[in-house]
Amino acid sequence: MRRGLISRSSAELPDAVLDARLARLRAAMADAHLDALVLYTNNTRTAAVSWLTGFVPYWSEALLVVTHGRLPVLVAALTYRVKSWIERVSRLADVIHTPRIGLEAARLIAGTKGDAAVGVVDLDGLSAGIVDDLREGGPRLALRDASALFALLRAKADPAEIALATKAAAIAHEALVQATEASNLGEMVAAIERHARQQGAEEIYIAAAPDLARDHRLQRIEGEAALGSCFALRATVAYKGTWIRLVRTFGHDSLRDQATACFAQAMAQLPDERGLAAFPSWLVEGCRIAQPLEPLMGSRLTERTPLTAGALVSVQASLRINEQTVLLGAPALIGSPGEAACLL
């Protein structure tokens, strides 16, 4: 369950932005001869529904039903008492509350056209129970996987999404600075989280490599851990449904500028991965469908997703500078062919 404030800003995410995204989706649906589209959301797979409506669940799950005739309808396994909150933070035609979201979503579509062609985003990722309910609620509906259709729409970030990612990055930058004012890891984590939430982050997860001389793996910390002379912290921040990761190493002051320059040079070459490939380990994450940060390519991935010009990504890397390990990470915007990627 989320703990931060989830709200909507009409200045940062205007109706016009959501309407433009919906229009692009409907055009793609028409080209694919789809009468309706269904998208799943829960507190870990928020990105698809949030991108279209602004809705981010604290808990539970829901299906978004998109048709050609009106604003999307959210079928949620949430009690009626949260209906007014959902309507405040989302752009929707209606919210329907039911424990069997697949059954009700299918009935909603079938009520307009019994043999509708229905695209289901991430069909293979839906639970068997929801798929069974979709088939029960609309026995003549033709269900098709629409993951590729939706991923193509999400591949390039629009100006509103870039602005939200920039804000999230600024929150993460400022939050990690708070670590320099604390004397132990527990105080650091508390200070970082407090600052991020005060600045409007709806969520922040902090991972640490407490002693880079012993272990450079970033881990969620439970309890207290002894800090070495050099350590690294990673802040994963969500702001208005947009997620980024930022990694900083503390203690290698003499190596910081050199490591940062090497990392920035490698990042600028994206989507060409050759610069990153020179590092001991690296990972590029981004949003394709529902997961806010999905592994796209990296030193330990056998299957890689090509990066598209205009895509928002978060990159992490381990560098070796003068026999010392330095961990760095930052969000970036992939440039057009011939243009360098831009760090946020």
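The values are calculated or read from the model by the stated rules, or taken from the named source; none is laboratory data. The model shown is predicted, which means the values in this text are computed figures rather than measured ones. Neighbour counts are summed over all protein chains in view; Cβ atoms, including those assigned to glycine, are modelled from backbone coordinates with ideal geometry.
Given the condition of a type in the set (D, E, K, R) and buried (at least 23 other Cβ atoms within 10 Å of the Cβ), answer yes or no: does some residue in region 239-247 qualify? First the steps, then the outcome.
Just the residues of region 239-247 that are of a type in the set (D, E, K, R), to begin with: 240, 245.
Those left that are additionally buried (at least 23 other Cβ atoms within 10 Å of the Cβ): 240, 245.
Yes, there is a match, as at least one residue in region 239-247 is of a type in the set (D, E, K, R) and buried (at least 23 other Cβ atoms within 10 Å of the Cβ).
Output yes when any residue across region 160-173 is in contact (Cβ under 8 Å) with a residue 24 or more places away in the chain, in contact with a His (Cβ under 7 Å, 6 or more places away or on another chain) and not assigned by TED's automatic domain parsing to the domain that holds A28, and no when none is.
No, every residue in region 160-173 fails to be in contact (Cβ under 8 Å) with a residue 24 or more places away in the chain, in contact with a His (Cβ under 7 Å, 6 or more places away or on another chain) and not assigned by TED's automatic domain parsing to the domain that holds A28.
Residues in region 12-28: is at least one modelled with pLDDT under 95, within 25 Å of the chain's Cα centre (by Cα) and either of a type in the set (A, V, I, L, M, F, W, C) or surrounded by 18 or more Cβ atoms within 10 Å (Cβ to Cβ) (or both)?
Yes; the residues of region 12-28 include at least one that is modelled with pLDDT under 95, within 25 Å of the chain's Cα centre (by Cα) and either of a type in the set (A, V, I, L, M, F, W, C) or surrounded by 18 or more Cβ atoms within 10 Å (Cβ to Cβ) (or both).
Inspect all residues belonging to region 213-229 and state whether any of them is within 19 Å of the chain's Cα centre (by Cα) and closer than 18 Å to K167 by Cα.
Looking for residues that are within 19 Å of the chain's Cα centre (by Cα) and closer than 18 Å to K167 by Cα, one finds none in region 213-229, hence no.
Going through region 47-60 one residue at a time, which ones are modelled with pLDDT of 95 or more and over 15 Å from V121 (Cα atoms)?
Matches in region 47-60: T53 only.
Do we have T305 as surrounded by fewer than 19 Cβ atoms within 10 Å (Cβ to Cβ) and touching a Lys or Arg at 6+ places or on another chain (Cβ under 9 Å) here?
Working: surrounded by fewer than 19 Cβ atoms within 10 Å (Cβ to Cβ): yes; touching a Lys or Arg at 6+ places or on another chain (Cβ under 9 Å): yes.
Against the criterion (surrounded by fewer than 19 Cβ atoms within 10 Å (Cβ to Cβ) and touching a Lys or Arg at 6+ places or on another chain (Cβ under 9 Å)), T305 qualifies.
Return only the number of the condition from (1) surrounded by fewer than 21 Cβ atoms within 10 Å (Cβ to Cβ); (2) without any contact (Cβ under 8 Å) to a residue 60 or more places away in the chain that P271 does not satisfy.
Every listed condition holds for P271 apart from (2).
Considering (1) assigned to a helix (DSSP H, G or I); (2) under 30 Å from A11 (Cα atoms); (3) under 22 Å from the mean Cα position of the chain (by Cα), say which one R245 fails and leave the rest.
Failed condition: (1).
Name every residue in region 97-127 that is surrounded by fewer than 19 Cβ atoms within 10 Å (Cβ to Cβ) and either part of a strand (DSSP E or B) or in contact with a Cys (Cβ under 8 Å, 6 or more places away or on another chain) (or both), in order of residue number.
Answer for region 97-127, where residues must be surrounded by fewer than 19 Cβ atoms within 10 Å (Cβ to Cβ) and either part of a strand (DSSP E or B) or in contact with a Cys (Cβ under 8 Å, 6 or more places away or on another chain) (or both): H97, A117.
Take the residues in region 191-210 that are free of Cβ contacts under 8 Å to residues at least 60 places away in the same chain and part of a helix (DSSP H, G or I); name whichever of them is surrounded by the fewest Cβ atoms within 10 Å (Cβ to Cβ).
Start the filter on region 191-210 by keeping residues that are free of Cβ contacts under 8 Å to residues at least 60 places away in the same chain, which leaves 191-196, 198-199, 205-208, 210.
Then drop every residue that is not part of a helix (DSSP H, G or I), which leaves 191-196, 198.
On the way: A191: 18, I192: 23, E193: 20, R194: 13, H195: 19, A196: 26, Q198: 11.
By that ranking, first place goes to Q198.
Taking the residues in region 128-139 that are of a type in the set (A, V, I, L, M, F, W, C) and closer than 24 Å to L25 by Cα as candidates, determine which candidate is surrounded by the most Cβ atoms within 10 Å (Cβ to Cβ). Break it down into steps so the answer makes sense when it comes.
First, the residues of region 128-139 that are of a type in the set (A, V, I, L, M, F, W, C): 128, 130-131, 134.
When the remaining residues are screened for being closer than 24 Å to L25 by Cα, the result is 130-131, 134.
Details: I130: 21, V131: 15, L134: 27.
Among those residues, the one meeting the criterion is L134.
Pick from L37, L71, L92, L25: which is touching a strand residue (DSSP E or B) at 6+ places or on another chain (Cβ under 7 Å), more than 23 Å from L293 (Cα to Cα) and outside the structural domain of H195 (by TED's automatic domain parsing)?
On the way: L37 fails: more than 23 Å from L293 (Cα to Cα); L71 fails: touching a strand residue (DSSP E or B) at 6+ places or on another chain (Cβ under 7 Å); L25 fails: more than 23 Å from L293 (Cα to Cα).
Only one candidate passes the filter, namely L92.
Considering each residue of region 140-158, count those that are in contact with a helix residue (DSSP H, G or I) (Cβ under 8 Å, 6 or more places away or on another chain), surrounded by fewer than 20 Cβ atoms within 10 Å (Cβ to Cβ) and free of Cβ contacts under 8 Å to residues at least 40 places away in the same chain, and give that number. If you could, list the steps in order and put the result at the bottom.
Restricting attention to region 140-158, the residues satisfying the condition of being in contact with a helix residue (DSSP H, G or I) (Cβ under 8 Å, 6 or more places away or on another chain) are 140-141, 143-147, 149-150, 152-154, 157-158.
Within this subset, residues satisfying the condition of being surrounded by fewer than 20 Cβ atoms within 10 Å (Cβ to Cβ) are 140, 143-145, 147, 149, 152-153, 158.
Of the ones still in play, those that are also free of Cβ contacts under 8 Å to residues at least 40 places away in the same chain are 140, 143, 145.
The total comes to 3.
Out of region 227-265, which residues are hydrophobic (A, V, I, L, M, F, W, C) and farther than 24 Å from A196 by Cα? Give the steps one after another, and end with the answer.
Residues of region 227-265 hydrophobic (A, V, I, L, M, F, W, C): 227, 230-233, 235, 237-238, 243-244, 246-247, 250, 255, 259, 261-264.
Listed by number, the residues that qualify are L255, A259, A261, C262, F263, A264.
Return the residue satisfying two criteria in turn: it lies in region 290-302 and is touching a residue at least 60 places away in the same chain (Cβ under 8 Å) and surrounded by 21 or more Cβ atoms within 10 Å (Cβ to Cβ), and of such residues it is farthest from the chain's Cα centre (by Cα). Step through it out loud before you land on a result.
Step one: filter region 290-302 for residues touching a residue at least 60 places away in the same chain (Cβ under 8 Å), giving 290-292.
Applying the additional criterion that residues be surrounded by 21 or more Cβ atoms within 10 Å (Cβ to Cβ) yields 290, 292.
Details: A290: 7, P292: 2 Å.
Step by step, filter region 290-302, then rank; the result is A290.
Could you say whether any residue in region 321-330 is small (G, A, S), in the same structural domain as L164 (by TED's automatic domain parsing) and outside any loop (DSSP other than H, G, I, E, B)?
Kept after step one, since they are small (G, A, S), are these residues of region 321-330: 329-330.
Restricting the remaining residues to those that are in the same structural domain as L164 (by TED's automatic domain parsing) gives 329-330.
Next, from what is left, pick out any that are outside any loop (DSSP other than H, G, I, E, B): 329-330.
The answer is yes; a qualifying residue exists.
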